[in-house]
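Trainee: The structure is given below, and queries will be raised subsequently.
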Amino acid sequence: MAAEPPRYKPNPKLPRQALPLLDPDKRRRAADEVALGFSAEQAQAEAMRCLQCRKPVCVEACPLHIDIKRFISRIALGDWQGAHDVISEQSPFPGVCGRVCQHELFCENACVVGKKWDPVAIGSLERFAADHARLRMKELADSYPKPTGKKVALVGSGPASLIAAYDLVRLNYRVTVFEALHQLGGVMAYGIPNFRLPREILHEEIARLQNMGVEFVPDFIVGRTATLEDLFEEGYEAVFIGTGAGLPYLMGIPGENLIGVYTANEFLTRVNLMEAYKFPESPTPVRVGRHTIVVGGGNSAMDAARWAVRLGSDVTILYRRGRAELKARLEEIDHAEEEGVRFEFLAAPVALHGDENGYVREMECIRMELGEPDDSGRRAPVPIPGSEFRIPAETVIAAIGQAPNPTLQKATPQLMTKRGKIVINEWGETSLPHVFAGGDVVRGGSTVILAMKDGRAAARAIHEALSRERQPQEEVKA
Amino acid sequence: MSARILNKRQLAPEITLLDVEAPRIQRRWRAGQFIIIRPLEHSERIPLTIVDSCAERQSITMVIQAVGKTTREAVALEPGESLCDLVGPLGEPAEICTGERVLCMAGGVGVAELLPVARAYKEAGNTVVALCGARSDSYRILDEELRACCDELHWATDDGTFGFHGNVVQLLLSLAGPRSFAEGHVIGPIPMMKAAAEATREWGLKLHASLNPIMIDGTGMCGGCRVTVGGQVRFACVDGPCFDAHKVDFDEMTRRTRAYRDLEQIALQHDCRIGLGR
Ligand SMILES: Cc1cc2nc3c(=O)[nH]c(=O)nc-3n(C[C@H](O)[C@H](O)[C@H](O)COP(=O)(O)OP(=O)(O)OC[C@H]3O[C@@H](n4cnc5c(N)ncnc54)[C@H](O)[C@@H]3O)c2cc1C
Ligand code: FES
């Protein structure tokens, strides 16, 4: 596509627009979205900061290669719909990604304006474009002809599968997405809280795929409800495995099975997927006491902590490394602090103590110091002998990471894995022909955008594999 | 996927049998496995053991004791209506030995859950002795079906209105002792499974227990169903639900299954207030 000259004069020196936020006091009792999104004036002002670089490095840095430069120019010109159309060329999920993608690591990290000033708020602009296109979603989807080509099965309905579905359906494949849970979206449905990603946004963007002809089958576990082989027998010619990393690690300390001790997955599934925050109106409860301690420093830890605040608890995040090593999105860390979450750095749990009825009451911790760099290149935390201390805790949430979901692998022993992760080659193909994989099941816990990058790469590889002229297989008669 | 109810039958007060359409599960399930259902759009997810299946109707059978909100929602549905969600088969099949004299023990609604295991034992060429417990004669369920696959079937009722007067563990002790059986399977309320494990600890019996902890996803994703078996933490929904009864920490499991008792009361009161309760 030829680059269009901007018809306005960029002004990178303008201060970066601040994303309007819900007042912290109001957040503490509601599931309402925290980030409110730019006003039209703000969006236009922010878009004007974009230099419209001849060589847009942000586009290069975006794992989906969204034409950031062009969609921003549309916003600068007040053409919201046009901006959304530009994003749609690469991604049907600007509402999701505009909210949860770690822009600071990708496009905004590359942004040239950021070399001297604050980078352009690309994420917030993406969200703005999405929020102003919500009413057009149905019409957009309907403009595609319904697919008629070969059948492809996608396992799991997380971001990896969803983007693969978008790419494949546009290439005329008949796509079916099988999801184990009753709701679609993977971690975006059961893990990421509504106050970061309102469910209407997620549902609308998934509905767009549905309207384009992608078939979704919830309550279907590949490896249990049907095997991989069954899918091929039923006429699917390629399978993509995007089953994520849902198997929670446990802390492995005494007292872990006391009542009130959750994995982040259980806590978040109860609250997000089963809507325990509405209990007793919704039937699934969650137990949140006066003091909650969340162990960990990633997105799950922030999300669990921020929910616990909203459920009325006094919340501390216990992390064995320091602030600089936190792995969550920066915005999430800031928001957690604004909402009153306390951080206890350089400390780790040693044991949990309960009362006579088996309810957790206290956490025993130990201070850590940072020692030599470990495999990950980060300085490894080392316990300081004799530094044990105790803190009250009626709720404990372990957010210390996840391993790949093992169900499909267990049912498919011929599928090559390494420490639970599915092994793929450079085209995303697994050790089984026409079986591809990507996202967290390959990477271990990762991010939405990298899962999408994998899904896109797999869709391309599937297209190549299925469009290649293959020798028709002679059936051998006995 | 949603699943249409084909047939509904009251087996005893509060115990209802449902046949639902589930072609894929019907083809694949094995004794000991379970499903998760969500009766209505906003219901909880609850696990239920697969009790039987019918190839002709492509259906599976579940037996539900209506004790809480969700089970009541399920049994309130009528044939022709559908369960909002049904997923499975979940868990590992029960371990079935061959050519032994085996013990099958169950109490309450567990009697229904025992049926497929007893059948599998029988089909594998074992001599099957079943001991089943019920509150009272009118609470005995699936007697005929069990008789068809067991070499011996003994009943115990708490009030003595049928068979042995007492509970199944007392019945067991009255009938058998060390080396009476090589293997066995027990399903029922936790105190009963615990008592069965205690009673047979020195019997040289390999006893499997089908555990029923609180579950949410049933796919190994949350860890809410964790139980301690032989000092190790296991996820009942994917590693189980059957474990070595002599190694299960039943006390911990008892505490964990009671974790939401108080909150369940609040939910019931809430429903009464807004007129949903029965
Ligand atoms: C609490 C939390 C917050 C996060 N926040 C962010 C964030 O802000 N930004 C960000 O970029 N990343 C975030 N992440 C990481 C991000 O969500 C994941 O990297 C991403 O969702 C992975 O996508 P995926 O498609 O590989 O799998 P998932 O999203 O994990 O989806 C996999 C799906 O497959 C289903 N499944 C599993 N096995 C089977 C089977 N056998 N058959 C059928 N279905 C199956 C699962 O039920 C699940 O729905 C967060 C993660 C968590 C846990
Ligand atoms: S029910 Fe969630 S892991 Fe077993």
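Trainee: Which of the residues belonging to region A:360-378 are closer than 26 Å to residue A:254 by Cβ and of a type in the set (Gly, Ala, Ser)?
Mentor: A:371
Trainee: Give A:374, A:334 a once-over and let me know the one that is open to solvent by 10 Å² or more (accessible area, probe 1.4 Å), more than 12 Å from chain B (Cβ to nearest Cβ) and touching a strand residue (DSSP E or B) at 6+ places or on another chain (Cβ under 6 Å).
Mentor: A:374
Trainee: Keeping to region B:128-142, report how many residues are in contact with a Ser or Thr (Cβ under 9 Å, 6 or more places away or on another chain), outside any loop (DSSP other than H, G, I, E, B) and farther than 11 Å from residue B:106 by Cβ.
Mentor: Looking only at that region, the number is 4.
Trainee: Using the structure shown, decide if residue B:145 is open to solvent by 50 Å² or more (accessible area, probe 1.4 Å) and part of a loop (DSSP other than H, G, I, E, B).
Mentor: It is false that residue B:145 is open to solvent by 50 Å² or more (accessible area, probe 1.4 Å) and part of a loop (DSSP other than H, G, I, E, B).
Trainee: Which pairs do you get when a residue that is under 14 Å from residue A:205 (Cβ atoms), found in region A:162-173, comes within reach of a residue that is open to solvent by 10 Å² or more (accessible area, probe 1.4 Å) and part of a helix (DSSP H, G or I), reach meaning Cβ atoms under 8 angstrom, with the pair 6+ apart or on two chains?
Mentor: A:163/A:456
Trainee: Return only the number of the condition from (1) open to solvent by less than 10 Å² (accessible area, probe 1.4 Å); (2) at negative phi that residue A:185 does not satisfy.
Mentor: The single condition residue A:185 does not satisfy is (2).
Trainee: A further question follows. Which helices (runs of 4 or more DSSP H) sit wholly inside region A:1-110 and have at least 1 residues that are of a type in the set (Ser, Thr, Tyr) and touching a Leu at 6+ places or on another chain (Cβ under 9 Å)?
Mentor: The helices (runs of 4 or more DSSP H) meeting that bar are A:80-90.
Trainee: Also, I was wondering about something else. Anything in region B:200-248 that is near ligand 2 (Cβ under 6 Å from one of its atoms) and within 14 Å of residue A:263 (Cβ to Cβ)? List them, or say none.
Mentor: The answer is B:215, B:216, B:217, B:220, B:221, B:222, B:223, B:224, B:225, B:235, B:237.
Trainee: If I go through region A:216-258 residue by residue, how many of them are away from ligand 2 (no atom under 16 Å from the Cβ) and either modelled with pLDDT under 95 or not aliphatic (A, V, I, L, M) (or both)?
Mentor: Here the count works out to 18.
Trainee: Within region B:1-59, considering only strands (runs of 3 or more DSSP E) that don't extend past its boundaries, which have at least 2 residues that are among the hydrophobic types (A, V, I, L, M, F, W, C), in contact (Cβ under 8 Å) with a residue 12 or more places away in the chain and in contact with a strand residue (DSSP E or B) (Cβ under 9 Å, 6 or more places away or on another chain)? Even if it seems obvious, please write down each step before you answer.
Mentor: Numbers: elements: B:3-12, B:15-21, B:34-38, B:46-49, B:52-54.
Once the strands (runs of 3 or more DSSP E) in region B:1-59 are filtered for at least 2 residues that are among the hydrophobic types (A, V, I, L, M, F, W, C), in contact (Cβ under 8 Å) with a residue 12 or more places away in the chain and in contact with a strand residue (DSSP E or B) (Cβ under 9 Å, 6 or more places away or on another chain), what remains is B:3-12, B:15-21, B:34-38, B:46-49.
Trainee: Also: Going through A:324, A:328, A:304 one at a time, which residue ends up being surrounded by 20 or more Cβ atoms within 10 Å (Cβ to Cβ) and without any contact (Cβ under 8 Å) to a residue 40 or more places away in the chain?
Mentor: Of the residues listed, the single one that is surrounded by 20 or more Cβ atoms within 10 Å (Cβ to Cβ) and without any contact (Cβ under 8 Å) to a residue 40 or more places away in the chain is A:328.
Trainee: Please identify the pairs in which a residue from region A:46-64 that is touching a residue at least 12 places away in the same chain (Cβ under 8 Å) has its Cβ atom under 6 Å from the Cβ atom of a residue that is aromatic (Phe, Trp, Tyr), counting only partners at least 6 apart or on another chain.
Mentor: As it stands, the answer is A:61/A:106; A:62/A:106, since those pairs meet every condition given.
Trainee: Hey, can you tell me all the residues within region A:278-331 that are among the β-branched types (Val, Ile, Thr) and within 30 Å of residue A:371 (Cβ to Cβ)?
Mentor: A:292, A:293, A:294, A:295, A:315, A:316, A:317
Trainee: While we're on this one: Any idea which residue in region B:63-85 is nearest to the other protein chains (Cβ to nearest Cβ), counting only those that are open to solvent by 10 Å² or more (accessible area, probe 1.4 Å) and closer than 30 Å to residue B:124 by Cα?
Mentor: Looking at the filtered set, the residue picked out is B:65.
Trainee: I need the full set of residues from region A:274-283 which are within 20 Å of residue B:220 (Cα to Cα) and either open to solvent by 10 Å² or more (accessible area, probe 1.4 Å) or facing another protein chain (nearest Cβ under 7 Å) (or both), in order please.
Mentor: Hits for region A:274-283 are A:274, A:275.
Trainee: Out of (1) within 16 Å of ligand 2 (Cβ to nearest atom); (2) over 27 Å from residue A:174 (Cα atoms); (3) outside any strand (DSSP E or B), the odd one out for residue A:408 is which?
Mentor: Result: residue A:408 passes all but (2).
Trainee: Within region B:36-62, take every residue that is of a type in the set (Val, Ile, Thr) and open to solvent by 20 Å² or more (accessible area, probe 1.4 Å) and give me the one that is nearest to the other protein chains (Cβ to nearest Cβ).
Mentor: It comes out as B:46.
Trainee: Might you let me know whether region A:188-198 holds any residue that is open to solvent by 10 Å² or more (accessible area, probe 1.4 Å) and either closer than 16 Å to residue A:405 by Cβ or within 11 Å of another protein chain (Cβ to nearest Cβ) (or both)?
Mentor: Yes, region A:188-198 contains a residue that is open to solvent by 10 Å² or more (accessible area, probe 1.4 Å) and either closer than 16 Å to residue A:405 by Cβ or within 11 Å of another protein chain (Cβ to nearest Cβ) (or both).
Trainee: Name the single residue, out of those in region B:207-229 being aliphatic (A, V, I, L, M) and under 23 Å from residue A:191 (Cα atoms), that is farthest from ligand 1 (Cβ to nearest atom).
Mentor: For region B:207-229, the residue satisfying everything is B:214.
Trainee: Can you say whether residue A:234 is over 22 Å from the mean Cα position of the chain (by Cα), open to solvent by less than 30 Å² (accessible area, probe 1.4 Å) and either within 13 Å of another protein chain (Cβ to nearest Cβ) or within 9 Å of ligand 1 (Cβ to nearest atom) (or both), as far as the supplied structure shows? Let's see the steps before the verdict.
Mentor: Numbers: over 22 Å from the mean Cα position of the chain (by Cα): yes; open to solvent by less than 30 Å² (accessible area, probe 1.4 Å): no; either within 13 Å of another protein chain (Cβ to nearest Cβ) or within 9 Å of ligand 1 (Cβ to nearest atom) (or both): yes.
Criteria not met by residue A:234.
Trainee: Just to be sure before I move on: is residue A:181 at pLDDT 95 or above and either among the charged types (D, E, K, R) or assigned to a helix (DSSP H, G or I) (or both) in the structure I sent?
Mentor: So residue A:181 fails the test.
Trainee: A further question follows. Take region A:405-446 and flag every residue that is open to solvent by less than 10 Å² (accessible area, probe 1.4 Å) and either farther than 17 Å from residue A:239 by Cα or assigned by TED's automatic domain parsing to the domain that holds residue A:311 (or both).
Mentor: Residue satisfying the conditions is A:444 alone.
The values are calculated or read from the model by the stated rules, or taken from the named source; none is laboratory data. What you see is a predicted model; the values in this text were computed from it and never measured. Neighbour counts run over all protein chains shown; Cβ positions are idealised from the backbone, glycine included. These accessible areas exclude ligands, DNA and RNA; they are computed on the full protein's heavy atoms, side chains included. Shrake-Rupley method; radii C 1.70, N 1.55, O 1.52, S 1.80 Å.
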